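The values are calculated or read from the model by the stated rules, or taken from the named source; none is laboratory data. Just so it is clear, the model here is predicted, and its values are computed rather than measured. Heads up, the Cβs are rebuilt from the backbone with ideal geometry, glycines too, and the neighbour counts pull from every protein chain shown.
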Ligand SMILES: CC(C)(COP(=O)(O)OP(=O)(O)OC[C@H]1O[C@@H](n2cnc3c(N)ncnc32)[C@H](O)[C@@H]1OP(=O)(O)O)[C@@H](O)C(=O)NCCC(=O)NCCS
């Protein structure tokens with residue numbers, strides 16, 4: 001049974017890949033729905049070589065809907081996975097409510113599955129995604145370093161220089177990034193494009209390198225406080241760290257330096273659950289935090305494939321014999337929004353009812369509120385000891 005919503009209007013063409021002569025039509029659609037700079041602001045998405053990943057519905061002489069994805073390798077504590085990221089989802093105002101958006105979203109999942117993607121990260125959480133099983137996941141933290149708390153002084157470290165990074169610094173920044181244990185694996189072009197356009201996670205951003213006198217040991221990418229979108233006059237100025245990597249003491253010291261540089265009242269740092277070193281450093285300085293999900297929503301594309309890729313991590317956490325005996329099954333084909341999931345170990349079985357539960361079960365949820373699973377209690381408890389899997393943070397990979 002095909003689970004793709006059928007657009008009500010049968011005169012439409014798609015969902016399918018953008019045709020080579022349809023770039024102007026796509027530019028018109030995303031410029032009208034979002035803003036005219038979309039092609040400039042999302043160069044990973046709107047790149048000629050990414051055309052087959054731009055899924056569209058055409059209606060007459062215009063495009064009615066667009067759903068774009070990028071597909072990148074990533075590493076989760078050494079386990080190699082393939083991750084699709086979805087963004088710039090748009091239907092022309094007059095074509096909304098006809099099912100085009102839903103059809104194009106499912107087509108993007110199917111297309112990502114055909115490329116071997118295990119996971120879809122979606123830069124949004126509206127009904128269009130939640131209705132088909134995409135969920136907020138992760139149990140990250142947002143730290144807010146407030147100037148009067150004294151924490152900025154406690155994060156200071158002497159002997160470091162924080163310098164604006166330019167194109168010549170990209171190899172050094174990329175080398176720092178490639179030593180991170182949980183990250184997207186970026187082709188060089190992603191770095192070059194991000195720095196050339198200066199937009200990271202939808203906002204004009206600055207790249208800063210932290211140098212200890214022998215070279216860069218960390219970097220921090222921040223939203224420019226004066227360019228944050230939808231900021232109202234009178235809002236306290238806030239500096240948002242949207243990506244960091246390398247020596248965590250140096251990252252923390254950069255926060256102090258940059259708070260002074262931009263003259264902000266507070267600095268916000270999103271710390272993923274696996275980044276224990278940065279959390280410890282900020283905790284040690286008495287910085288307050290709130291629990292946080294990772295950005296947007298997530299849906300698993302290929303559960304058996306994902307778990308086979310994560311098997312080395314499961315073996316590290318549960319033992320090789322046990323991990324080797326685990327079997328992972330999905331009721332439906334990769335990419336489907338439907339069905340439940342089964343984990344077997346010998347005669348023991350557990351069931352995860354749907355995508356709505358699968359994402360939070362695998363990747364955690366705020367306050368570690370894991371969904372209940374049905375079946376063998378011992379197997380469920382054993383697996384709970386190996387979860388959650390680490391979540392990725394978009395940073396430069398945001399689309
Ligand atoms: C979001 C957007 C792309 C939806 O496109 P669309 O072609 O109208 O999508 P559909 O017709 O498939 O669905 C419209 C709504 O009905 C809902 N819907 C679709 N089928 C449904 C069903 N069978 N039962 C209940 N609800 C249903 C969808 O979830 C969606 O809800 P939402 O708009 O609250 O998210 C469009 O409204 C848009 O371009 N908005 C502005 C840009 C934007 O916000 N993009 C998303 C960024 S995260």
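The selection criterion, being within 12 Å of the ligand (Cβ to nearest atom) and either farther than 30 Å from residue 317 by Cα or not assigned by TED's automatic domain parsing to the domain that holds residue 272 (or both), does not hold for residue 81. All of (1) touching a helix residue (DSSP H, G or I) at 6+ places or on another chain (Cβ under 9 Å); (2) part of a helix (DSSP H, G or I) hold for residue 204 with one exception: (2). Quick check: is even one residue across region 110-125 more than 28 Å from residue 339 (Cβ to Cβ), exposed (fewer than 15 other Cβ atoms within 10 Å of the Cβ) and more than 18 Å from the chain's Cα centre (by Cα)? Within region 110-125, not a single residue is more than 28 Å from residue 339 (Cβ to Cβ), exposed (fewer than 15 other Cβ atoms within 10 Å of the Cβ) and more than 18 Å from the chain's Cα centre (by Cα).
Give me a count of the residues in region 118-140 that are over 20 Å from residue 305 (Cα atoms), more than 12 Å from the ligand (Cβ to nearest atom) and outside any loop (DSSP other than H, G, I, E, B). Summing the residues that are over 20 Å from residue 305 (Cα atoms), more than 12 Å from the ligand (Cβ to nearest atom) and outside any loop (DSSP other than H, G, I, E, B) in region 118-140 gives 1. Condition check for residue 334 on (1) in contact with a strand residue (DSSP E or B) (Cβ under 7 Å, 6 or more places away or on another chain); (2) at pLDDT 95 or above; (3) not in a strand (DSSP E or B): one failure, at (1).
Taken across region 245-266, residues that are within 30 Å of residue 367 (Cα to Cα), buried (at least 21 other Cβ atoms within 10 Å of the Cβ) and under 19 Å from the mean Cα position of the chain (by Cα) do occur, with at least one present. Of all the listed residues (396, 379, 383, 362), the sole one being assigned to a helix (DSSP H, G or I), in contact with a helix residue (DSSP H, G or I) (Cβ under 7 Å, 6 or more places away or on another chain) and buried (at least 19 other Cβ atoms within 10 Å of the Cβ) is 396.
So that you can scan it fast, the table gives a plain yes or no per residue for (1) at pLDDT below 95; (2) assigned to a loop (DSSP other than H, G, I, E, B):
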| residue | (1), (2) |
| --- | --- |
| 1 | yes, yes |
| 4 | yes, yes |
| 9 | yes, yes |
| 20 | no, yes |
| 27 | no, no |
| 31 | no, no |
| 45 | no, yes |
| 50 | no, no |
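Just one of the numbered conditions (1) under 22 Å from residue 20 (Cβ atoms); (2) assigned to a strand (DSSP E or B); (3) away from the ligand (no atom under 14 Å from the Cβ) is not true of residue 58: (3). Among the residues of this structure, residue 301 does not count as one that is in contact with a helix residue (DSSP H, G or I) (Cβ under 8 Å, 6 or more places away or on another chain) and free of Cβ contacts under 8 Å to residues at least 60 places away in the same chain. One residue stands out among those in region 339-353 that are over 16 Å from residue 372 (Cβ atoms) and part of a strand (DSSP E or B): the one that is farthest from the chain's Cα centre (by Cα), which is 348. Looking across 108, 84, one residue alone is touching a residue at least 40 places away in the same chain (Cβ under 8 Å), within 20 Å of residue 39 (Cα to Cα) and in a helix (DSSP H, G or I). It is 108.
Matching residues to (1) part of a strand (DSSP E or B); (2) out of contact with any helix residue (DSSP H, G or I) (no Cβ under 6 Å at 6 or more places or on another chain):
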residue	(1), (2)
172	no, yes
239	yes, no
243	yes, no
255	no, no
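Against the criterion of being within 14 Å of the ligand (Cβ to nearest atom) and either in the same structural domain as residue 308 (by TED's automatic domain parsing) or under 21 Å from the mean Cα position of the chain (by Cα) (or both), residue 87 qualifies.
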